[in-house]
Amino acid sequence: MAEWYCFQDKVKLEEADVTLSYIVVNRFFKGLKCPKCGVQYLPEEVVMTDIQAAEQELDSK
Ligand SMILES: [Zn+2]
């Protein structure tokens, strides 16, 4: 995974479980979190794969 930095604090983001508020599924995604201010990021590749999979899961139920 590429290294990501917080725009505010200029510190390296740590891997973390990120919850998404805009998605209906109640699950965690592998994302990035700033250890300083706590802001959460989801890399685009996670959005493209994991979230699509989750949405498909939801559709099939
Ligand atoms: Zn930060």
Go through the residues of the stretch 44-60 one by one and say whether even a single one is modelled with pLDDT of 80 or more and not in a helix (DSSP H, G or I).
yes
Can you pull out every residue in the stretch 33-61 that is in contact with a strand residue (DSSP E or B) (Cβ under 6 Å, 6 or more places away or on another chain) and charged (D, E, K, R)?
Lys33, Asp50
Residue pairs, Cβ under 9 Å, 6 or more apart or interchain, first in the stretch 32-43 and assigned to a loop (DSSP other than H, G, I, E, B) and open to solvent by less than 30 Å² (accessible area, probe 1.4 Å), second of a type outside the set (Phe, Trp, Tyr) and at pLDDT below 90. List them.
Cys34/Gln40; Pro43/Met1; Pro43/Ala2; Pro43/Lys30; Pro43/Gly31; Pro43/Leu32
Flagged in the stretch 1-22 as among the hydrophobic types (A, V, I, L, M, F, W, C), surrounded by fewer than 12 Cβ atoms within 10 Å (Cβ to Cβ) and at pLDDT below 80, in numbering order, are Met1, Ala2
How many residues, within the stretch 44-58, are in contact (Cβ under 8 Å) with a residue 24 or more places away in the chain and either touching a Lys or Arg at 6+ places or on another chain (Cβ under 8 Å) or open to solvent by 50 Å² or more (accessible area, probe 1.4 Å) (or both)?
4
Would you confirm whether or not the stretch 23-31 contains a residue that is surrounded by 13 or more Cβ atoms within 10 Å (Cβ to Cβ), modelled with pLDDT of 80 or more and within 11 Å of the ligand (Cβ to nearest atom)?
no
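The values are calculated or read from the model by the stated rules, or taken from the named source; none is laboratory data. Just so it is clear, the structure is predicted and the values come from calculations on it, not from any experiment. Every residue, glycine as well, gets a Cβ built from its backbone with ideal geometry; the counts of neighbours run over all protein chains shown. Surface accessibility is based on the protein's heavy atoms, side chains included, excluding ligands, DNA and RNA. Shrake-Rupley method; radii C 1.70, N 1.55, O 1.52, S 1.80 Å.
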